[in-house]
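Undergrad: Before anything else, here's the structure in question.
What follows draws every value from the coordinates through simple rules; no lab data is involved. Because the structure is a prediction, the values reported are computed rather than measured. No Cβ is skipped: glycine too gets one built from the backbone with ideal geometry, and neighbour counts run over all protein chains shown.
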Amino acid sequence: MAKETAVQLPPPQNLVSSISQKPNPKFTANGTHNHCPPSVVVHSIVHAIPGRIRYRIPRLRNDPEYAQRLQVLLEADSSTIDVRVKPAAASLAVVYKVSKIADAETRSLLSYLIQSASEVTVLKPSQSALKPTDSEQKWPGLPISLLALTLGVLGGPLGFSVPPIIMAGTIAIAALPVAIRAWEGIRDERKLNIDFLDVMAIAITTLQGQFLTPSLMLGLIEVGDNIRDRTARSSKLQTLDLLNSLGQFVWVERDGTKVEIPIQDVQPGDTVIVYPGEQVPVDGNILRGKALLDEQKLTGESMPVLKRKGQPVFASTLVREGQIYILAERTGNDTRAGQSIQLMQQAPVHDTRIENYAIKIAQRAVLPTLLLGGAVFAATRNPSRAASVLTLDFATGIRVSVPTTVLAALTYAARNGILIRSGRALEKLAEVDTVVFDKTGTLTKGEVTVIAVESLNPATSPQRVLELAAAAEKRLTHPVAEAVIRYAEAQNIEIPSRGKWDYQLGLGVRAEIDGQTVYVGSERFVRQNSTLSNSQQDSPTESDRSSAIYVAINGEIQGRIKYSDILREESREVITALLTVEGVEVHILTGDNERTANSVAAELGIPPSHTHAEAFPEQKATVVRQLHEQGKTVAFVGDGINDSPALAYADVSVSFANGSEIARETADLVLMQNDLHGLLEAMAIARKANELIRQNTGIIAVPNLAAMVIAVLFGLNPLAATLVNNGSTVVAGVNGLRPILK
């Protein structure tokens, strides 16, 4: 085998010219392939709009080294903004700068890189022309501030001879971001902000030659700002669209012939074919065939629904069994699921950094502090006393202690399996007075579970009923069949072998077991093939929460197996704690039917007035908005596509680590252990953090106010004022770290 050698690609800015000099005849201008020899990487465009393109590259599935090389090459190009490689889906998505070069040239460039990744050994990042990361492009404020502080200490307390011009110049450079923010506040907001106050104090003390005072201030300001930025939401909301969550290709029937086309090419009026295990890619009506559809992602309905000719089906639902031909009516973002995602993206976007009463108070104190400093200077003609007044503000301490407390709380939560994405989410979580839960998969397990096996014939034991059902249901993909098999295995039941069998979609299965003809299925199916007396049927009270399949032998009923989507083990305890201990209002908001929703609510102690059933995604968002408009601070807990609009409109959105990708990405808080107890713990962490912030405000305010009185009446050295201000800041900062010091 030929040895792979390292090859240096042309610099990114020269790649387009390289392509024009060496055209690749195997690819068209839009990047799709014509006749390709074996050495060429086969790829095709799945979806493209200006600035964003998605490819299908089969090689990604089984060549991780190629995938890694491709990612590095694409990220090295200056025209790319974001690169997402998904090997399992053989998918490559690239977001690029539209204005950089012509769109056709960009596609040619990407095709070139897709080919090059198979032939080039990419050098280590330190040796390659990788574009700088965000952190590398960011102004190095903290290192410069620390340098200024070091020089201030050397030239002050330690007595080293450091030229004043060097110390003053370093302070001026370090203060540049603060000065810019102060100017932007004047220019954009027409007001004097905290940064203006800091600039004034830094400028006065620097001009007086007191270099340690401004360098200490700058050091703490930069530390606080860095911590504050870390409390911002750590993962940006992805550009989500429905097509990303569906298959890449779709079978359609055109002119009597079945053809496979990219999902983006499906048009209203096409006849779409969906096979078992596939997601429905469009909204439409069934032309022919029948199928068992799992609609849980869209409607929250826990049980699959049998649908036949003439009935509607919706994109993102899953065909469990059967095969259907659908007349496409709506595609992509026009579908009901697509509109849910659009509704989510239209939700208001909040600043992810913490907003709190303390910072607002500090902002209001800016003008009075300036006036007081000016009055002191006018009365004494002493700039040092004026500088002391300006130094003794609450801003620096609050700007350090608040984000330190928030970061400590987020870190503590993460250690306990709770991902809180932002300081704002933490703040709102402490204020929550209403919690709205989705039902299926949130309060319940979201899957069919056997809850009872009953014998209806004295001669047949419950164990025998389970044995026969498990034998008949073997290798069927229906969720009830899977639940029966799981239950039988958990009970260590020895499952008999099955002979000839016949499965009728939506009804049941007939099978030869131990020389007998066994029927297992719905009440309707069993009635057709055996005798079912009234006493053997479910009573209305019994069927409120559960359903049943029946087992018959040679035309005689033997027993039944009850199943349901049961509650999570922790649901009752968590709801009780929310209602009694936390004193919050609890609602259920589900797409499931009203009977089931009311039954679950009653079991959990939630009143009917707080139960909202048969709600599609847009209705869920409306309910959350209405609660918010009533003045409530709302947390919504959900895990599916149908929950994403409600998650986006809630004050605090909560999902699970095993929830849908869209729900996880929308959520402010993700319960990594998939346990609702995490919600209670997160609320406790948020309230403790809020309490610490209030404590820290007092720790900062009291000594600074006392020192300010002294500075106004008797005078105070600016360095002493800085030590009081910074000392209270350090104490408050350490107090804010208490959550992670336990």
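Undergrad: Work out the length of the dipole vector of segment 540-630 about its Cα centre, built from +1 on the beta-carbon of each Lys and Arg and -1 on the beta-carbon of each Asp and Glu, and round it to the nearest 20 debye. The partial results should precede the final answer.
TA: Numbers: 8 positive and 15 negative charges, 33 e Å.
For this selection, approximately 160 debye.
Undergrad: Quick one: length gained pulling N674 to V709 fully straight, 0.36 nm per residue minus the C-alpha distance? Let's see the in-between values first.
TA: Working: separation 35, 0.36 × 35 = 12.60 nm, distance 5.36 nm.
7.2 nm is the gain from fully extending N674 to V709.
Undergrad: Between R84 and K97, what is the label-to-label distance in nm when each label sits 7 Å out along the Cα-to-Cβ direction?
TA: Simple spin-label model gives 2.2 nm for this pair.
Undergrad: Same structure again: So what J values fall out for segment 601-616 if you push phi through Karplus, 6.51 cos²θ - 1.76 cosθ + 1.60 with θ = phi - 60°, rounded to Hz, Gly and Pro as x?
TA: 4, 4, 5, 9, x, 9, x, x, 5, 9, 10, 10, 10, 6, 9, 6
Undergrad: Below 15 angstrom from the Cβ of Q504, what's the summed charge of the other residues (Lys, Arg +1; Asp, Glu -1)? Can you show the working numbers first?
TA: Values: positive: K290, R308, R320, K500, R510, R524, R527; negative: E321, E473, D502, E523.
Local net charge: +3.
Undergrad: Please state, as a whole number in µm²/s, the translational diffusion coefficient that the Stokes-Einstein equation yields for segment 242-331 at 20 °C and 1.002 mPa s, with Rh defined as the Kirkwood radius across alpha carbon pairs. Walk me through the intermediate numbers first.
TA: Numbers: Rh = 12.7 Å.
Translational diffusion coefficient: 168 µm²/s.
Undergrad: Then there's this: Tell me, what HN-Hα J-couplings in whole Hz come from the Karplus equation 6.51 cos²θ - 1.76 cosθ + 1.60 at θ = phi - 60° for each residue of segment 201-211, using x for Gly and Pro?
TA: Per-residue couplings from phi come out as 5, 5, 5, 5, 5, 5, 5, 7, x, 8, 6 Hz.
Undergrad: A further question follows. Assuming a ≥ b ≥ c are the square roots of the Cα gyration tensor eigenvalues, decide whether segment 449-564 counts as rounded (a/c under 1.5), prolate (otherwise, with a/b larger than b/c) or oblate.
TA: Details: a/c = 1.34, a/b = 1.15, b/c = 1.17.
Note, shape of segment 449-564 comes out rounded.
Undergrad: For L676, what is the net charge nearby, where nearby means another residue's Cβ is under 14 Å from its Cβ and Lys, Arg count +1, Asp, Glu -1?
TA: Working: positive: K439, K445, R568, R572; negative: D438, E569, E570, E573, E582, D639, D675, E681.
My count for the surroundings of L676 gives -4.
Undergrad: May I ask for the distance between the Cα centers of segment 425-477 and segment 162-207, given as a whole number of Å?
TA: For segment 425-477 versus segment 162-207, the Cα centre distance is 63 Å.
Undergrad: Counting only other residues whose beta carbon sits under 14 Å from that of G256, what net charge do I get with K and R as +1, D and E as -1?
TA: Working: positive: R254, K258, R288; negative: E253, D255, D270.
So the environment of G256 carries a net charge of 0.
Undergrad: State whether segment 634-742 is rounded, prolate or oblate according to the following rule on the C-alpha gyration tensor (a ≥ b ≥ c being the square roots of its eigenvalues): a/c under 1.5 gives rounded; otherwise a/b larger than b/c gives prolate, and the remaining case gives oblate. Kindly include the intermediate steps, with their values, before the conclusion.
TA: Numbers: a/c = 4.23, a/b = 3.16, b/c = 1.34.
Because a/c hits 1.5 or more and a/b exceeds b/c, segment 634-742 counts as prolate.
Undergrad: Provide the per-residue ³J(HN,Hα) series for segment 415-425, in order, calculated from phi with Karplus coefficients 6.51, -1.76, 1.60 and θ = phi - 60°, each as a whole number of Hz, with x at glycine and proline positions.
TA: Each residue of segment 415-425 in turn: 5, 9, x, 10, 8, 9, 7, 7, x, 4, 4 Hz.
Undergrad: Right, something else. What order do you get for 438-446, 330-338 when each peptide is scored by the mean count of other beta carbon atoms within 10 Å, highest first?
TA: Details: 438-446: 24.8, 330-338: 20.2.
Order by mean packing, descending: 438-446, 330-338.
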